[in-house]
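Accompanying notes for the structure given below.
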Amino acid sequence: MSVAQNRRALEGNPRLMAQIFGILNITADSFSDGGDFLAPDKALAQAEKLVGDGAHVLDIGPASSHPDAGDVSPIIEIERLETVWAGLKKLGASMSVDSFQPETQRWAMAQGADWLNDINGFADPSLYDELADYDGKLVLMHAIQAKGIATRQDAPEGDIWAHIFRFFEARLAALSKAGVEQEKITLDPGMGFFLGNQPETSLAVLADLDRLKAAFGLPLLVCVSRKSFLRALSGVRVEESGPISLAAEMIALAQGVDYIRTHDAQQLSHAMALRDRLGTKL
């Protein structure tokens, strides 16, 4: 089945409400596929596969964010994006840039990116006026780290949900004050090391994702794909983590999550199609 045929088949089912962010890592050291798609031809081939497998959005990451990732300057991020941008746009999917660097975000806005995905939750107020004028959408992610990539640190003391709620209340208020329309914001609670170094914290958040939607009334994005907390629970290696990732993704969808960010668009789109054909929440 061609890319266009597969997308038409998926989009022809009106009950497939949630959308898939297909992860495209154009990096040297991502934890599960570092270096695999750094070359432009390989990146474009992977992007075509993701779209053909059902991804609605290509989430393009020019730098890794796991605790062992190396530093990548905004100049390098932009150079990596420039090598593939025109080719990716031809695939017809929405385009998201996964970066917390304001310089990279400005470049993405100038290129007409449909989404900005920021693991630091747009921590730099100097960007807010530009975000207010930006026509695209924003993924506002919570993390226990104030800035930068994930680290191996304990979760904050007390209820993790209280920490998440305080973060979003403050950041949404700041963005709103700057004129950023809340209608274009999607929330991401963060998972794995972004919540702390113990699997139990991420499992607790995964179990109660509907609390976040009830509290703020905004769309939710969740990424659990191949995460270390799932691998710790199951005792599998990264390359064996597809089944438990899919199980966690379906649990998130059952709680009304609007977007799932995943490495494996095909298995998720098939599971969603089966769920909707049977008319069940799972």
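Could the peptides 117-124, 198-205 be put in order, highest first, of the mean number of other beta-carbon atoms found within 10 Å of their residues? Can you show the working numbers first?
Working: 117-124: 21.8, 198-205: 18.6.
Answer by packing, highest mean first, reads 117-124, 198-205.
Tell me, what is the FRET efficiency for ALA204 and ILE75 to the nearest 0.05, using R0 = 51 angstrom and their Cβ-Cβ distance as r? Let's see the in-between values first.
Numbers: r = 39 Å, r/R0 = 0.77.
Between ALA204 and ILE75 the formula returns 0.85.
What are the lysines whose alpha-carbon lies under 29 Å from the alpha-carbon of LYS184, with same-chain residues fewer than 8 places away excluded?
LYS49, LYS89, LYS90, LYS137, LYS147, LYS213, LYS227, LYS281
Can you work out the FRET efficiency for the pair ASP154 and ALA214, with r the C-beta to C-beta distance and R0 = 25 Å, to the nearest 0.05? Intermediate values should be presented prior to the final figure.
On the way: r = 27 Å, r/R0 = 1.09.
With a Förster radius of 25 Å, E is 0.35.
Between the range 127-189 and the range 235-282, what's the alpha-carbon centroid distance in Å?
25 Å
Okay, helix-only estimate at 222 nm for the chain: each DSSP H run of n ≥ 4 adds -39500 (n - 2.57), divide by all residues, round to 500 deg cm²/dmol; what do you get? Intermediate results must be reported in sequence, preceding the final value.
Numbers: 11 runs with 121 residues, N = 282.
Value at 222 nm, helices only, nearest 500: -13000 deg cm²/dmol.
About the Cα centre of the chain, how large is the charge dipole given +1 on each Lys and Arg Cβ and -1 on each Asp and Glu Cβ? Please answer in debye to the nearest 20.
Value, rounded to 20: 800 debye.
What is the sum of charges around TYR134, taking Lys and Arg as +1, Asp and Glu as -1, for the other residues whose C-beta is under 11 Å from the C-beta of TYR134? Present the calculation step by step, with values, prior to reporting the outcome.
Numbers: positive: ARG106, LYS137, LYS184; negative: ASP114, ASP129, GLU130, ASP133, ASP135, GLU181.
Within the 11 Å Cβ shell, the charges total -3.
When the label point is put 7 Å from the Cα of ALA28 along its Cα-to-beta-carbon vector, which residues of the range 96-117 have a backbone N closer than 20 Å?
In the range 96-117, the label zone of ALA28 (backbone N under 20 Å from the point 7 Å along Cα→Cβ) covers 98-101, 104.
Take the eigenvalues of the Cα gyration tensor for the chain, scale each by 5, and report the square roots as semi-axes in whole Å, largest first. It would help to have the intermediate numbers written out before the result.
Details: eigenvalues 121, 111, 80 Å².
Equivalent ellipsoid of the chain: 25, 24, 20 Å, largest first.
Every number in this text was worked out from the coordinates using simple rules, so none of it is lab data. The shown structure was predicted, so the numbers you read here are calculated from the model rather than taken from an experiment. Counting neighbours? That spans all protein chains shown, and the Cβs are built from the backbone with ideal geometry, glycine included.
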